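Below: the structure, in structure tokens.
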Amino acid sequence: MEASKPRIGVFFCDCGGTVEGLIDFDELEMHAGSLEDVEHVERDRFMCSSDAASRMSQLAKAHDLDRLVIGACSPRVYEEEFKRAAELAGINPYMLEIANLREQVAWVHSSDREGATAKAKDALTMAVARSRRMEPQTRPPGAYVIDERCSGCGICLSTCRHDAIEMKVDPWTGKRVATVDPISCLACGACVAACPSGAMDMVGFSNEEMTAEIDTFTEGLLDSKEPFPAILVFACNWCSYPAADLAGLKRMQMEPKFHIIRTPCSARVDPEWVLRALSNGVDGVLVLGGKDGQCHYEGGNVRTRDRMMLLTKLLRQIGFDPQRFAIDWVNPDEAATFRDIVNAFIERVERLGPNPLRAPSEEERPTSALFHGRDDYVHPPYRR
Ligand code: SF4
Ligand code: SF4
């Protein structure tokens, strides 16, 4: 049976006027309405109020929506409330995506309305693309194993620092298969990024959702050297993402040359995502985790460091300048550190110039073993 088409409702909040004027909401609403599978667009003043939640639920029912995208404050502020509002509308709470238009767009770029509006449009496009890939979930947030793909290698077992993974032997086939205990799993995603067989996924930050965001951000970059620089930042929910929120809250001004993708832990960042982004034309990728002793998952950042050191070597081998990639550490209260690291990375990438895969002339075409030329390079489907 053919799957039914997604029916997405986009709801904007102007946070009681605190972001009004900083982003062109009329343009944003028009843009939202033009996106695939968006059935309804609405703007409200306080999406976090109970009145707005019940209005949203009535509209969701009236328009038969099956998923919601909310353009508002940071997901760290009202995500749980918005999930409850989705449930009120009969929508699975995992079919909700929040574009952080307040702290990480309007406030941190408040001196550049045009740039902030363009960035808000991109953030919304990414959120809608992610929403289109969402599946209703009944499992709790956390990792799970797709048994038929599991090779029994046990890498996930040695990656998990929370004793949430066990290897079991199938009594019928004798095959070793990993299983995740949903009670012990803290949903950091480190094991999902480590599995070499694509046999793990997770509820909340699934492979499909994350790659949808990356692919949407990078769409069209290979065909043009503009906009430059295109920079992707992976920020973890507990340390670097709150630092980015705080930079907005303090109205620190940054140029809108970077986009943040939130991950539960920096260890959720799959090296394949970095390769995917760079081979799709991104000019630079920055991974930001929490400092030692601060990681919410107790050592997720150590996993990240080990993995990303290897990735740096790999980048060199396949012909990418490893300076296009960086990893750094920020604690949640270090807004200025966040700003300084991102600004320094932007400057570094600007000095390097555009990713050589972007619209190269014949002389500029890379000749590395992997990229014989962008026309020859086809992404493998995501680990299927
Ligand atoms: S890392 Fe992947 S393939 Fe290896 S045991 Fe775990 S789930 Fe299976
Ligand atoms: S998501 Fe994190 S806590 Fe859960 S099983 Fe994987 S590594 Fe362990």
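The values are calculated or read from the model by the stated rules, or taken from the named source; none is laboratory data. Note that this is a predicted model, so its numbers are computed, not measured. When we count neighbours, we look across all protein chains shown, and the Cβ atoms used for this are built from the backbone with ideal geometry, even at glycine.
Confirm whether ALA277 is among the hydrophobic types (A, V, I, L, M, F, W, C), modelled with pLDDT of 95 or more, assigned to a helix (DSSP H, G or I) and more than 18 Å from ASN100 (Cα to Cα). Against the criterion (among the hydrophobic types (A, V, I, L, M, F, W, C), modelled with pLDDT of 95 or more, assigned to a helix (DSSP H, G or I) and more than 18 Å from ASN100 (Cα to Cα)), ALA277 qualifies.
Can you find, within region 20-48, the residue that is nearest to MET95 (Cα to Cα) among those that are touching a residue at least 60 places away in the same chain (Cβ under 8 Å) and touching a Leu at 6+ places or on another chain (Cβ under 7 Å)? Quick ask: steps written out before the conclusion?
Restricting attention to region 20-48, the residues satisfying the condition of being touching a residue at least 60 places away in the same chain (Cβ under 8 Å) are 21-24, 27-28, 31-32, 35-38.
Still in the list and also touching a Leu at 6+ places or on another chain (Cβ under 7 Å): 23, 28, 31-32.
Working: ILE23: 26, LEU28: 21, HIS31: 21, ALA32: 17 Å.
Looking at the filtered set, the residue picked out is ALA32.
No other residue among PRO332, PRO354, PRO381 is part of a loop (DSSP other than H, G, I, E, B) and at pLDDT below 85 apart from PRO381.
Annotation: of all residues in region 137-153 being assigned to a loop (DSSP other than H, G, I, E, B) and without any contact (Cβ under 8 Å) to a residue 60 or more places away in the chain, the one that is nearest to MET210 (Cα to Cα) is ILE146.
Could you tell me whether ASN237 is among the polar types (S, T, N, Q) and within 16 Å of ligand 1 (Cβ to nearest atom)?
On the way: among the polar types (S, T, N, Q): yes; within 16 Å of ligand 1 (Cβ to nearest atom): no.
So ASN237 fails the test.
Scanning region 53-76 for residues that are in contact with a helix residue (DSSP H, G or I) (Cβ under 8 Å, 6 or more places away or on another chain), without any contact (Cβ under 8 Å) to a residue 60 or more places away in the chain and surrounded by fewer than 18 Cβ atoms within 10 Å (Cβ to Cβ) yields a count of 1.
Considering GLU347, GLU362, which residue is free of Cβ contacts under 8 Å to residues at least 60 places away in the same chain and over 28 Å from ALA247 (Cα atoms)?
On the way: GLU347 fails: over 28 Å from ALA247 (Cα atoms).
GLU362 is the lone residue from the list that is free of Cβ contacts under 8 Å to residues at least 60 places away in the same chain and over 28 Å from ALA247 (Cα atoms).
Answer with yes or no whether THR125 is of a type in the set (S, T, N, Q), away from ligand 1 (no atom under 13 Å from the Cβ) and in a helix (DSSP H, G or I). Against the criterion (of a type in the set (S, T, N, Q), away from ligand 1 (no atom under 13 Å from the Cβ) and in a helix (DSSP H, G or I)), THR125 qualifies. I'd like the full set of residues that are within 14 Å of ligand 2 (Cβ to nearest atom) and among the aliphatic types (A, V, I, L, M), limited to region 132-145. Within region 132-145, ALA143, VAL145 meet the criteria. Of the residues examined, ARG262 is one that is more than 16 Å from ligand 1 (Cβ to nearest atom), among the basic types (Lys, Arg), surrounded by fewer than 24 Cβ atoms within 10 Å (Cβ to Cβ) and assigned to a strand (DSSP E or B).
So for region 242-250 (the condition being within 22 Å of PHE320 (Cβ to Cβ) and either assigned to a helix (DSSP H, G or I) or not basic (Lys, Arg) (or both)), does at least one residue qualify? Let's see the steps before the verdict.
To start, the set of residues in region 242-250 that are within 22 Å of PHE320 (Cβ to Cβ) comprises none.
No, that holds for no residue.
Which residues, taken from region 308-327, are buried (at least 19 other Cβ atoms within 10 Å of the Cβ) and not in a helix (DSSP H, G or I)? Of everything in region 308-327, those that are buried (at least 19 other Cβ atoms within 10 Å of the Cβ) and not in a helix (DSSP H, G or I) turn out to be PHE320, PHE325, ALA326, ILE327. Note on region 110-123: residues that are of a type outside the set (Gly, Ala, Ser) and surrounded by 24 or more Cβ atoms within 10 Å (Cβ to Cβ) total 0.
If you check GLU97, GLU87 for being charged (D, E, K, R) and either modelled with pLDDT under 95 or within 16 Å of ligand 1 (Cβ to nearest atom) (or both), only one passes: GLU87. Is it true that some residue in region 163-177 is in contact (Cβ under 8 Å) with a residue 40 or more places away in the chain and under 30 Å from GLY299 (Cβ atoms)? No, every residue in region 163-177 fails to be in contact (Cβ under 8 Å) with a residue 40 or more places away in the chain and under 30 Å from GLY299 (Cβ atoms). Taking the criterion of being within 24 Å of VAL108 (Cα to Cα) and charged (D, E, K, R), the residues of region 12-41 that qualify are ASP14, GLU20, ASP24, ASP26, GLU27, GLU29.
If you take just the helices (runs of 4 or more DSSP H) that sit entirely in region 155-223, which of them hold at least 3 residues that are more than 10 Å from ligand 2 (Cβ to nearest atom)? Steps first, answer last, please.
Numbers: elements: 155-159, 190-194, 207-218.
By residue number, 207-218.
Is it true that some residue in region 152-161 is of a type in the set (D, E, K, R), outside the structural domain of TRP273 (by TED's automatic domain parsing) and either surrounded by fewer than 15 Cβ atoms within 10 Å (Cβ to Cβ) or within 11 Å of ligand 1 (Cβ to nearest atom) (or both)? No, that holds for no residue. Inspection of region 129-151 finds no residue satisfying the criterion of being aromatic (Phe, Trp, Tyr) and either surrounded by fewer than 16 Cβ atoms within 10 Å (Cβ to Cβ) or in contact with a Leu (Cβ under 9 Å, 6 or more places away or on another chain) (or both).
Looking at ALA199, ALA230, ALA235, just one residue is farther than 30 Å from ALA359 by Cβ and of a type outside the set (S, T, N, Q), and that residue is ALA199.
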